[in-house]
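Right, one structure below, let's go through it.
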Amino acid sequence: MSSAPQESLASQAQPVPDILSPAFAADPYGAYRIMRESAPLIRHDATDSYIVSRYEDVERVFKDKAGEFTTDNYDWQIEPVHGRTILQLSGREHAVRRALVAPAFRGTDLQEKFLPVIERNARELIDTFRHTGEADLVDAFATRFPVLVIADMLGLDKADHDRFHGWYTSVIAFLGNLAGDQEVAAAGERTRQEFAAYMIPVIQQRRADPGDDLLSVLCAAEVDGVRMSDEDIKAFCSLLLAAGGETTDKAIASIFANLLTHPEQLAAVREDRSLIERAFAETLRLTPPVHMIMRQTATDVELGGGRVPAGSTVTCLIGSANRDAARYRDPDRFDIFRTDLTSTTAFSAAADHLAFALGRHFCVGALLARAEVETGVNQLLDAMPDVRLADGFTPSEEGVFTRGPRSLPVRFTPVAG
């Protein structure tokens, strides 16, 4: 589907690549730079949205201190594939639902219940290739690890990995279907039906015979007399599988791509594993897994030097905002030692990057993602102490809505496990 011409709401020094064009997909970062400099607010007809690209504008939309933005866009953007999720709620309803699910993703539950699950799944995956001296870290580890962790946390059969992976791939394609491809839309809606047919019986069984898994925790959770229905839990599990799988998948691949192409920083991380946190925070800034998140205006809003009418979709370009020279020094450079990014708050609502959004809809799984990435990177470096890119290989990214390395072949000296 070809896109309609986009209308800039600011004077342009040079043409802005359309976000649906092959040129944009090939190099979104160059396009982002043009947008920030000359077209900070764009009316984009093909996606029927207003695009913002500067850090200050995206931060304002996410924090939404004045109540100008809603998540009503998720009614059409994610409900067809997930059902109604926590992302669509507001006010007390949102606060109660978040309170029901959040404890499992922080503090004692995460450390005591789920960290062993994360460590075990990383170890089992690495054991399949640690003796070979070579691997594609995307195919052999990154695309498998987070899905297996989530399935294990929920107490689902990990033998169904391929089905889970297929479902979340279909969901992510639906969410990134900016051009409105009807086959992609239909596949996403089929996924909702297939996932419900799989999950609802499991949820009902877990209510009758609870275990020690996250699904049982969700079935039993109660806040202010409110409990989650079967449909609520199914929708949350669908969201967790897609959001947690896709983003952590691409984050792990990206952190290694960044470190492998900056050997001196890889050496520093190898020697001081506490730097993994910095490397992950900088990866989230420079090469975030999710490049755009939408919101909807509740009123007419002055934004990016122009006016956005009430009820409009606003496309927030995280991948652009995180490279805004007005916010970060030398923003296109990977630097785990930069002083204008705070790694200690990078996985909280006080983050000064935008990869997890901000405000009341800050990613509930941010600490789970950190635990997965830090565990995975640690174990991979233990198994591959001299890891290097395959000869002649240069990592490249793909994707528009979500983005990451398509493959990452590496070589290393096998180490006995």
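Restricted to the range 399-417, and to residues there that are of a type in the set (A, V, I, L, M, F, W, C) and assigned to a loop (DSSP other than H, G, I, E, B), the residue that is farthest from A25 (Cα to Cα) is A416. If you check L317, L286, L259 for being without any contact (Cβ under 8 Å) to a residue 60 or more places away in the chain and closer than 14 Å to L354 by Cβ, only one passes: L286. Against the criterion of being surrounded by 14 or more Cβ atoms within 10 Å (Cβ to Cβ), within 18 Å of V373 (Cβ to Cβ) and either in contact with a Phe, Trp or Tyr (Cβ under 9 Å, 6 or more places away or on another chain) or not hydrophobic (A, V, I, L, M, F, W, C) (or both), A243 qualifies. Condition first: farther than 28 Å from R33 by Cα and buried (at least 17 other Cβ atoms within 10 Å of the Cβ). Can you find one or more residues in the range 341-364 that meet it? Scanning the range 341-364 turns up at least one residue that is farther than 28 Å from R33 by Cα and buried (at least 17 other Cβ atoms within 10 Å of the Cβ). For the range 274-312, the set of residues classified as outside any helix (DSSP H, G or I) and closer than 25 Å to A242 by Cβ consists of T287, P288, P289, V290, H291, M292, I293, M294, R295, Q296, listed by residue number. Return the residue satisfying two criteria in turn: it lies in the range 396-417 and is hydroxyl-bearing (S, T, Y) and surrounded by 13 or more Cβ atoms within 10 Å (Cβ to Cβ), and of such residues it is farthest from A142 (Cα to Cα). Going through the qualifying residues, I end up with T402. Within the bounds of the range 297-305, is there any residue that is in contact with a helix residue (DSSP H, G or I) (Cβ under 7 Å, 6 or more places away or on another chain) and at negative phi? Checking the range 297-305: at least one residue is in contact with a helix residue (DSSP H, G or I) (Cβ under 7 Å, 6 or more places away or on another chain) and at negative phi.
Does A196 satisfy the criteria of being among the small types (G, A, S), crowded, with 22+ Cβ neighbours inside 10 Å and touching a residue at least 60 places away in the same chain (Cβ under 8 Å)? No: the conditions fail for A196. In the range 261-273, the qualifying residues are those that are assigned to a loop (DSSP other than H, G, I, E, B) and open to solvent by 60 Å² or more (accessible area, probe 1.4 Å), and the one that is nearest to L381 (Cα to Cα) is D272.
I'd like to know if the range 377-395 contains one or more residues that are modelled with pLDDT of 95 or more and under 17 Å from the mean Cα position of the chain (by Cα). Checking the range 377-395: not a single residue is modelled with pLDDT of 95 or more and under 17 Å from the mean Cα position of the chain (by Cα).
The rows are residues; the columns are (1) within 30 Å of V410 (Cα to Cα); (2) in contact with a Lys or Arg (Cβ under 6 Å, 6 or more places away or on another chain).
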position	(1), (2)
E119	yes, no
D136	yes, no
A140	yes, no
A151	yes, yes
L154	no, no
R190	no, no
R206	no, no
C219	no, yes
V226	no, no
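Here P201 meets the list (1) at pLDDT 95 or above; (2) under 30 Å from E112 (Cα atoms); (3) crowded, with 18+ Cβ neighbours inside 10 Å almost entirely, failing just condition (3). Return yes when H361 is touching a Pro at 6+ places or on another chain (Cβ under 8 Å), at pLDDT below 95 and not hydrophobic (A, V, I, L, M, F, W, C) and no when it is not. When the stated conditions are applied, H361 does not pass them.
The values are calculated or read from the model by the stated rules, or taken from the named source; none is laboratory data. Source: prediction; values computed, not measured. Positions of Cβ are backbone-derived with ideal geometry, glycine not excepted, and every protein chain shown enters the neighbour counts. For accessibility, only protein heavy atoms count, side chains too; no ligands or nucleic acids. Shrake-Rupley method; radii C 1.70, N 1.55, O 1.52, S 1.80 Å.
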